[in-house]
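Asker: Sending over a structure as structure tokens; questions will come in a sec.
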Amino acid sequence: MELPAVPQPWRYWLLLGAYGLFLLLGAAVFAGVEAPQEAGLREALRGARAGFLRQHQGCVSEPGLEQLLERVLGADSSGVSALGNVSDDENWDFSSALFFAASVLSTTGYGHTVPLSDGGKVFCIFYTLLGLPATLLLATCLLQRLMGLLTHRPVQYLHTHWGIPPGHAALGHAATMGLSVLGLFILLPALCFWALENGWNFLESVYFCFISLSTIGLGDYVPGRSSPASLRHLYKISITCYLLLGLLAMLLALETIYELREVHSLVRFFAPTQAPASPSTEDDDRLEILSRDQLGLATVCGAPPSWSQADNEADGRAAPPDGPSGGPARELRTSTTGVENGDPSDW
């Protein structure tokens, strides 16, 4: 992919300016779309509150209603609902705690359930400090394994058996994987949530799946609150498994897209030009030791001097002697005595 020639210092400003414009565009769209909805909701809430006070003017005072609403909103922010029988919807049974741990370690963090005690908050800090690196390590190892199996091998097969150029094969495979993740981990689960969650339409279900698998986790939609009590534990455990597998599938698709040649060209366009690194003195010493060891091995085996000896002679340095007092050759001959006297398979 050919990109226009732009001086290197201007590329960072171009990238920064484009990202800033993208942020401003998002803010303008969200403000234009959501501000009227918020204003309408505020007006409806004020009207409902005023109507309730007029209807119960002799029974409920305005300060008492304010205190009740503050307690209800505070409890709701901690995951405790004041609607219906609150004892039927527990947030800290085992399945709910497992869902919370998975949302924390995957950095989704819906925010509907939070630790209430000081001990729980302290444990959450240390648990996250240990769990996040472990999660990143596990995800990296699984991605390396799955990339070879589900990305590199199919592209190689398409190139070898069907004669498709590697660039085209990689592009087609990335598109196929993206569509597969979209269908299997967003659209199909959205149908399930649409059928199981009361009050969710299909768009809201798709919205929840994407927000969850992209680890945004806004918390405005949380599944499992209206599920039957007999199936609540199984339902939440199933959602936890879905979130972990879906997150891995999303990372696999993104890594596959990142390996495309077009993406690499775009990254190289904005990346700094790296000057060739000059070998350090320690590296030179290691190369010289390696050259002498190769020369000594060639002398022991009776082979002609290698290219390293010619380089040494060209630099004005004498090649290591192969006599009994020959330094490296003698040491190498001594160290390989067991190999010379042993079975040839020891080589």
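Please treat every number below as a calculation from the coordinates, not as lab data. This one's a predicted model, so the numbers in the text were calculated from it and none came from an experiment. Positions of Cβ are generated from backbone atoms using ideal geometry, with glycine treated the same way; all protein chains shown enter the neighbour counts.
Asker: From the alpha carbon gyration tensor of the range 173-245, can you work out the equivalent ellipsoid semi-axes (sqrt of 5 times each eigenvalue) and give them in Å, largest to smallest?
Answerer: Whole-Å semi-axes of the equivalent ellipsoid: 22, 13, 12.
Asker: Still on this structure, I have one more. In a Debye calculation with equal point scatterers on the alpha-carbon sites of the range 5-92 and no solvent, what is log10 I(q)/I(0) at q = 0.11, 0.13, 0.16, 0.23 Å⁻¹?
Answerer: Ignoring solvent entirely, the Cα scatterers give -0.63, -0.74, -0.89, -1.11.
Asker: Please work out the FRET efficiency for the pair residue 142 and residue 75, using the Cβ-Cβ distance as r and a Förster radius of 56 Å; give the result to the nearest 0.05.
Answerer: 0.90
Asker: Work out from phi, with θ = phi - 60° and the Karplus expression 6.51 cos²θ - 1.76 cosθ + 1.60, the ³J(HN,Hα) of each residue of the range 200-215, listed in order in whole Hz, and give x for Gly and Pro.
Answerer: Rounded to whole hertz, the list is 9, 8, 5, 5, 5, 5, 5, 4, 5, 5, 5, 4, 6, 6, 8, 6.
Asker: Sticking with this one: For residue 101 and residue 267, FRET efficiency with R0 = 41 Å and r from the beta-carbon atoms, rounded to 0.05?
Answerer: Computed FRET efficiency for residue 267 and residue 101: 0.70.
Asker: Still on this structure: Can you compute 3J(HN,Hα) from phi for each residue in the range 128-134, using the Karplus curve 6.51 cos²θ - 1.76 cosθ + 1.60 with θ = phi - 60°, rounded to whole Hz and x for Gly and Pro?
Answerer: Per-residue couplings from phi come out as 6, 4, 7, x, 5, x, 5 Hz.
Asker: What spacing in nm lies between the two simple spin-label points modelled at residue 68 and residue 27, each 7 Å away from Cα in the Cβ direction?
Answerer: Result: 4.1 nm between the two label points.
Asker: Here's something else I'd like to know. Along the Cα→Cβ direction, 7 angstrom out, place labels at residue 14 and residue 159. What is the inter-label distance in nm?
Answerer: 2.9 nm
Asker: May I pose another question? In square nanometres and to one decimal, what's the mean projected area of the convex hull around the Cα atoms of the range 175-215?
Answerer: 2.7 nm²
Asker: Residue 56 to residue 35: FRET efficiency via 1/(1 + (r/R0)^6), r the Cβ-Cβ distance, R0 25 Å, to the nearest 0.05?
Answerer: So, using R0 = 25 Å, E works out to roughly 0.20.
Asker: Extension gain residue 214-residue 231, at 0.36 nm per residue separation less the Cα-Cα distance, in nm?
Answerer: 3.4 nm
Asker: Based on C-alpha coordinates, I'd like the Rg and Dmax of the range 122-163, in Å.
Answerer: 17.5, 58
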